[in-house]
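Presented below is the structure to which this report refers.
The values are calculated or read from the model by the stated rules, or taken from the named source; none is laboratory data. Note that this is a predicted model, so its numbers are computed, not measured. As a convention, Cβ positions derive from the backbone with ideal geometry for all residues, glycine included, and neighbour counts pool all protein chains shown.
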Amino acid sequence: MNSAFDLQKCELSDSTLPDKQSGGLHLGKPTSFQSLVSTLEDPRQQTKVLYPLDEILLLCFCGVVSGCDSFVDIVEYGTEKLKFLR
């Protein structure tokens, strides 16, 4: 699949993820956004999918972090920042 967004550039730190063994947080190497969302199952009907789930989640994540309060705001953010997101 050819992703429109370069998800490898978006990295999150494992330090924000719960550690299942100790029940707390742990420090570790950075984890890419794509590796986190690649484990999620996409429940949508594949014939109706226009955009990959990882692209939608990245757009929503970036939009919310940037202050978007609604889906309309996220769409406007995505339209304005399309060059950055690709």
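Odds and ends about this structure:
Quick grid of which residues meet (1) of a type in the set (D, E, K, R); (2) modelled with pLDDT under 90; (3) surrounded by 12 or more Cβ atoms within 10 Å (Cβ to Cβ); (4) at negative phi:
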position	(1), (2), (3), (4)
S38	no, yes, no, yes
D42	yes, no, yes, yes
T47	no, no, no, yes
I56	no, no, yes, yes
F61	no, no, yes, yes
F71	no, no, no, yes
E76	yes, no, yes, yes
L82	no, yes, yes, yes
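- Matching entry among K48, K81 (being of a type outside the set (S, T, Y) and in contact (Cβ under 8 Å) with a residue 12 or more places away in the chain): K81
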